[in-house]
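Asks: Got a structure for you, questions after.
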Amino acid sequence: MPKVHHTKKLTAVYDRLYAHYGPQHWWPGDTDVEIITGAILTQNTSWGNVAKAIANLKAVTALELEPLLAIPEERLAELIRSSGYYRQKAARLRGFFLWLGSLNSGDWRAWLKKTPMNEARAALLAVHGIGPETADSILLYGADRKTFVIDKYTLRFGARYGLYAEKTKYEEARTYFMDHLPSSAKLYNEYHALIVRLGATACKSKPLCAACPLNQTCRAGKKAV
Ligand code: SF4
């Protein structure tokens, strides 16, 4: 299928989702450190649980690397307990922030923003506990870099809609979106957020196609409604 066809299809999906749900104002977080913290804590849990953990952290310290690293790991684990796997996540957070703080003579913000994408991504993926969804979330939402975030909602929706095959994996889906959309962090930011909204409200594991804004153009939805 010609590339332009995919681009048109993806643009039409975006326009329809945006018209239906409006702007999603992602990522919910005031600073880059807060966003990075959220990206790590949200692994395997709902955002509500993460929001409680972040509120606990904010109540005791500033969300910056040094004050966070000054919290003993056991205490950190208690503060983020609501996010689940809290001991593992406390170790992960500390390990990540120690690594981040060691980059570029401490100017990790410049490193995140300026390191070539493939290099930055590979370095993040080499950190213990950082998978592609977390790495891309940190780069896109924490550093405004042009990388598309894929998650379970995106894989599910894309296969049902007919964008790609059912067992498509993370990297393949990411490449699909990035190859067929204009290269824009703003667009990637909003598009991913809209897909998450779609996945949470309509394209659930048991899809609610009758209430879905994409049901007139979705391959699975047309059969269902
Ligand atoms: S129409 Fe149904 S299957 Fe298609 S995206 Fe919407 S909820 Fe998912």
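Asks: Where a Cα-Cα gap under 16 Å defines reach, which aspartates and glutamates qualify for Lys89, not counting those fewer than 8 residues away within the same chain?
Replies: Leaving aside aspartates and glutamates fewer than 8 places away in the same chain, those within reach of Lys89 are Glu34, Glu73, Glu74, Glu78, Glu133.
Asks: Something else now. Could you order the peptides 203-209, 40-46 from most to least packed, using the average number of other C-beta atoms within 10 Å per residue?
Replies: Details: 203-209: 14.3, 40-46: 18.0.
Answer by packing, highest mean first, reads 40-46, 203-209.
Asks: Right, something else. Helix-only estimate, please: 222 nm mean residue ellipticity of the chain, summing -39500 (n - 2.57) across DSSP H runs of length 4 or more and dividing by its residues, to the nearest 500.
Replies: Result for the chain, helices only: -18000 deg cm²/dmol.
Asks: Given H placed on each backbone N at 1.01 Å, which residues far from Asn215 in sequence or on other chains put an amide H within less than 5 Å of it?
Replies: Excluding prolines and chain starts, which carry no amide H, there are no hits.
Asks: While we're looking at this one, here's another question. Helix 170-180 versus the longest principal axis of the chain: what angle, 0 to 90°, nearest 10, using Cα atoms?
Replies: The two axes meet at around 60 degrees.
Asks: Working from Cα positions, state the angle (0 to 90°, nearest 10) between the long axis of helix 3-21 and the longest principal axis of the chain.
Replies: Between helix and principal axis, roughly 70 degrees.
Asks: Tell me, what ³J(HN,Hα) does each residue in the stretch 203-209 have, in order and in whole Hz, if you take phi through Karplus 6.51 cos²θ - 1.76 cosθ + 1.60 with θ = phi - 60° and put x for Gly and Pro?
Replies: 8, 7, 4, 9, x, 9, 5
Asks: Could you list, in their original order, any pairs among Lys113/Lys186; Lys52/Lys146; Lys152/Lys204; Lys52/Lys186 whose Cα atoms are separated by more than 18 Å?
Replies: Working: Lys113/Lys186 15 Å; Lys52/Lys146 29 Å; Lys152/Lys204 10 Å; Lys52/Lys186 27 Å.
Where the Cα-Cα span goes over 18 Å, the pairs concerned are Lys52/Lys146; Lys52/Lys186.
Asks: Please list, in order along the stretch 72-80, the HN-Hα scalar couplings obtained from phi with the Karplus expression 6.51 cos²θ - 1.76 cosθ + 1.60 (θ = phi - 60°), rounded to whole Hz, x for Gly and Pro.
Replies: x, 4, 5, 5, 4, 4, 5, 5, 9
Values in this text are rule-based calculations from the coordinates and carry no lab data. Fair warning: this is a prediction, and the values are worked out from it, not measured in the lab. Every residue, glycine among them, receives a Cβ derived from its backbone with ideal geometry; neighbour counts consider all protein chains shown.
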